Every structure is written in C-alpha cells, then in structure tokens.
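The structure appears below as structure tokens.
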Amino acid sequence: MLHRLTDQELRHAEEARGFMPPDEGLALAAAAATAEPRLGPMLEVGSYCGKSACYVGPVARRLGLVLYCVDHHRGSEENQVGWEWHEPDLVDSAVDRMDTLPFFRRTIHDAGLEDVVFAIVGDSPTVARHWTTGLSLLFIDGGHGEEPARLDYQLWTPAVAPGGLLVIHDVFPDPADGGRPPYEHIYRPALRSGRFTEVSATGSLRVLQRVDDDSRD
Ligand code: SAH
Ligand code: MG
C-alpha cells in the first residue's frame, strides 16, 4: 500500500526530532496516500526539525508529488527561551535566535528525501500571500498562538484544491488536553465554512477534505 512506510522510512521518522507521535504520523502518511496527485503538490506549514516531513515525503514521492515545507525556522512562541517547549541546543548563538534549519536539512538528508522535500524558509503568512498553486494536501502545524493559527487558516486553506485534503495537528477539543487555537481558529472555522468535511481523526490529528467547488477564493 502507498502509505505503508518501509521499516527504514519509519525508523527515520521515529528517530527524527520533533513533535509528531508515531500513531499520528502514520495517520498523516495514510491521509497523504489518499491525495489526488492531479490536484497539485503537498505543503506543510511548520516543519521544525523535519519529523512530520519524514512521514509525508516518502508518500509524496510514490505519488509523483513533492512536499514544500514552510518554516522560518526561528521557532514558535512556545519554543523560545523560558517557554515550555524550548530546546537550548537549537539556538544559533551567533545571532542569539533559534535556528532549526540545519537540523531540518540533516533530517531530510539522512532520510534520503532531498529529491522530494523542499524547504521554503520564511514567514508563513507572507509566503501564503504570494502562493498561487493549488494543493492536493495542506498540513498545518505552525504557530499555535491565536493570531498565527488564524492567519494560517485564512491565508493557506484557500490554496487547498477542491477535493484536496486539509490536515491539522494539535486539535484539542478539550482544553484540558492542550492549547485551543488550532481547534478554535483552524479546525472549527474550516468545518463551519462548509468548505471542508471531516474524514478522520487520530489523536490530535484531523483530516478534512475540501468539498466545495468555489474557485474564486
Ligand atoms: N511538524 C513539526 C513540528 C512543528 S513545530 C514536527 O513534526 O515536529 C511549529 C513550527 O512552526 C516551528 O518550527 C516554528 O518555527 C514554525 N512557525 C511558527 N510560526 C511561524 C511563522 N509565522 N512562519 C513560519 N514558521 C512558523
Ligand atoms: Mg504539532
């Protein structure tokens, strides 16, 4: 099956640094395997050290697609010094800011995915404003604050082609389980808009499909 990662592919994904539990990573790969190649490339927002890209990349290759990975590599709010998800060795001391790009690059190299996974280094809303290509799959796992989540929803989801997939990470309907912005400002509005319908849920991963055929937005 297309989404069945080889043992080696799976090992690379599991060993990569980052925030993607194995069951959710497999669900992400399985969703990617159902994407319609004719609808366009795949794109993820929020790559960190490349872990989720290790789940999607091999599937994209088997479909004849590529995966664009948008990240400024300076970390989200929650990754900064003093915050919950900070990892000190990811700071570039020369500029005193986080820099996950070298780690991302190493991960993708080691996983043998350099021919199919391409980094776009920059601010997600800015890249989105200049993005004009329809997507067969959009995976949103970027900044989890209210404003970043809202902007990723507003600016990226119109790029999902009709029939394409919108996958969202860290969706927590119960506030006791985690931060709310991906649920409140991406998942809920997507369903409310009537443009998307839910296909599956695994842990905090939600797979939606674009059902409307409105090419104006
Ligand atoms: N998908 C990753 C985890 C992503 S963590 C994994 O599987 O491990 C969230 C990422 O979003 C961080 O790397 C951070 O740099 C990025 N990010 C947050 N806000 C951003 C913005 N405005 N533009 C680009 N990237 C952003
Ligand atoms: Mg996440």
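The values are calculated or read from the model by the stated rules, or taken from the named source; none is laboratory data. Since this is a predicted model, take the numbers as computed values, not measurements. Neighbour counts are summed over all protein chains in view; Cβ atoms, including those assigned to glycine, are modelled from backbone coordinates with ideal geometry. Accessible surface is based on the protein model in full, side chains and every heavy atom, while ligands, DNA and RNA are left aside. Shrake-Rupley method; radii C 1.70, N 1.55, O 1.52, S 1.80 Å.
Here are some notes:
- Note on region 168-213: Cα convex hull, mean projected area over all directions, 2.9 nm².
- All distinct Cα pairs of region 119-217 go into the 1/r average, and the inverse of that average, the Kirkwood radius, is 13.5 Å.
- Ordered from longest to shortest, the equivalent ellipsoid semi-axes for region 125-164 are 18, 11, 7 Å, each the square root of 5 times a Cα gyration tensor eigenvalue.
- Fraction of beta bridges assigned by DSSP in the chain that are antiparallel (%, nearest 5): 40
- Accessible carbon and sulfur surface of region 1-67 relative to its total accessible area, %, 1.4 Å: 54
- Furthest towards positive pole of dipole, V117, F103, T133, structure part region 2-145, Cβ charges: T133
- Region 1-96, dipole about Cα centre (Lys/Arg Cβ +1, Asp/Glu Cβ -1), debye to the nearest 20: 660
- The loop-placed GluC sites (Glu not before Pro) in region 83-156, going by DSSP, that have at most 16 neighbouring Cβ atoms within 10 Å of their Cβ come out as E84, E114.
- Gyration tensor over alpha-carbon atoms, the chain, equivalent ellipsoid semi-axes in Å: 24, 21, 17
- Lys, Arg +1 and Asp, Glu -1 on Cβ, resulting dipole of the chain about Cα centre, debye, nearest 20: 720
- Rounded to two decimals, the Cα radius of gyration of region 24-152 over 2.2 N^0.38 Å is 1.05.
- Translational D in µm²/s for region 1-97 (Stokes-Einstein at 10 °C, 1.306 mPa s, Kirkwood Rh from C-alpha pairs): 109
- The residues of the chain expose on average 47 square angstrom of accessible surface per residue, using a 1.4 Å probe on protein heavy atoms.
- Segments 59-72, 192-205 sorted - mean Cβ within 10 Å per residue, highest first: 59-72, 192-205
- Ellipticity at 222 nm from helices only: DSSP H runs of n ≥ 4 in the chain, each -39500 (n - 2.57), divided by the residue count, give -8500 deg cm²/dmol.
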